[in-house]
Amino acid sequence: MKIRKRLALLREQQDLLKKGLRNTQLHRLFGERIFSHSLWGFEKEALAGGLSLGLFIAFTPTIPFQMIFCVLGAIFFRVNLFAALTACWVTNPLTAPPIYLSAHWLGRFLLGQSEFLKTIISLFGFGEKMGRLVEHTAYLWAGSLLFAIVAAIIGNLLAKKGWDLLHRIKEGKQEAENKAD
């Protein structure tokens, strides 16, 4: 029963937020898309998509802009906004350094002594310091994108399996209650 009450309260808050968004600059900019049920509702695909989006953005080195990217991505892809924003906080000031350091190491392992990367650096005529910056940035992004893709896929699959499991448990409880009556 507690879950139902919390969901009802959350729906009321969402309705108030939607009413508050009417005739605002955001409404004019994004149109009716910001009132999409999948953006605010609790549906299997929308929640899984929001979790995937949030995790993908969380593992990219875009920390100052992650929440903005999550909002724009959720509106564009019509996935659950709350799930996306919550998941993007996987990287926070405490977890970001080890995650990005690991991503850098993975990128360095993947790209290693890549001739392609060296060609790009020499082609654009970067100096030694700028060349090293570009090289380390490429390592960070390569590792981060791999982490992001894997996290998004795993998050999506786990959200869908978790949804199915919760609904099976709920159905089992309802059947047990019906048999008891």
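Every number here is computed from the coordinates shown, using simple stated rules; none is lab data. In this text the structure is predicted, and so the values were computed from the model without any measurement. Here the Cβ positions follow ideal geometry from the backbone for every residue, glycine too, while neighbour counts run over all protein chains shown.
Classify the stretch 1-84 from the C-alpha gyration tensor, please: rounded if a/c falls under 1.5, else prolate or oblate depending on whether a/b exceeds b/c. Taking the square roots of the gyration eigenvalues as a ≥ b ≥ c, the stretch 1-84 is oblate. Here the stretch 118-181 is treated as a Stokes sphere of Kirkwood radius computed over C-alpha pairs; at 10 °C and 1.306 mPa s its diffusion coefficient rounds to 99 µm²/s.
Find the relative contact order for the chain and round it to a whole percent, using C-alpha pairs within less than 8 Å whose residues are 6+ positions apart.
Details: 183 pairs, mean separation 46.1, N = 181.
Once divided by the residue count of the chain, the mean separation gives 25 percent.
Projected label points at K44 and K160, each 7 Å from Cα along the beta carbon direction, are separated by 0.9 nanometres. Overall dimensions of the stretch 89-135, expressed as equivalent-ellipsoid semi-axes from the Cα gyration tensor (√(5λ), whole Å, largest first), are 27, 13, 7. Stokes-Einstein diffusion for the chain at 20 °C, viscosity 1.002 mPa s, with a Kirkwood radius from C-alpha pairs, works out to 112 µm²/s.
Mind checking the full-extension length gain between E115 and R4? Use 0.36 nm per residue of separation minus the Cα-Cα distance, one decimal, nm. Intermediate results must be reported in sequence, preceding the final value.
Details: separation 111, 0.36 × 111 = 39.96 nm, distance 5.76 nm.
Contour length minus the Cα-Cα distance gives 34.2 nm.
Compared with the dominant principal axis of the Cα atoms in the chain, helix 96-111 is inclined by about 50°.
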